[in-house]
């Protein structure tokens, strides 16, 4: 009996503090991170993929919750031909913003480029259910799926092994 008021107070505190995270305002972008993202986009447009990566990673260091920085890192990874890494970044963006159409479309495009067409078609179906067939993200993903996977990159060692038997003949 003596502990009932204390137990009630503790349970009330736990209930209120546990539910407070559901009503939080959406993430506001840090101005310094936004500046770094803009600078990274400029570097990406100029073809300087390493500088773009540096800027986007710096933006994440300043603002770890930046969905846009993850999306930009994914784009740089795709430009470098690193679709697996791009998929990882797109999934990070989706964890922060599950309804982000660009992240769903980009992940599907990276999957299609990697050869995982069935999974990419799953992303396309998800996009179409969210925004219809007329949204730009769904149209872009459909075109990447239609193009098919990127050609496989062969290492120098594998190329030499293939060329060596031909040279013996």
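The values are calculated or read from the model by the stated rules, or taken from the named source; none is laboratory data. Values in this document were obtained by computation on a predicted structure and should not be read as measured data. Cβ coordinates were reconstructed from backbone atoms using ideal geometry, including for glycine residues, and neighbour counts include every protein chain displayed.
Quick one: count up the residues across region 25-54 that are surrounded by 16 or more Cβ atoms within 10 Å (Cβ to Cβ) and either on the phi > 0 side of the Ramachandran plot or in contact (Cβ under 8 Å) with a residue 60 or more places away in the chain (or both). Residues meeting the conditions: 0.
Selection of region 97-118 for residues being surrounded by fewer than 16 Cβ atoms within 10 Å (Cβ to Cβ) and under 15 Å from the mean Cα position of the chain (by Cα) yields 98, 99. When region 55-95 is filtered for residues that are free of Cβ contacts under 8 Å to residues at least 12 places away in the same chain, farther than 26 Å from residue 148 by Cβ and assigned to a helix (DSSP H, G or I), the ones remaining, listed by number, are 61, 95.
Would you mind listing the helices (runs of 4 or more DSSP H) fully within region 101-169 where at least 3 residues are out of contact with any helix residue (DSSP H, G or I) (no Cβ under 6 Å at 6 or more places or on another chain) and at pLDDT below 95? Before you say what the answer is, go through the steps one by one.
Numbers: elements: 101-114, 117-131, 136-147, 156-168.
By residue number, 117-131, 136-147, 156-168.
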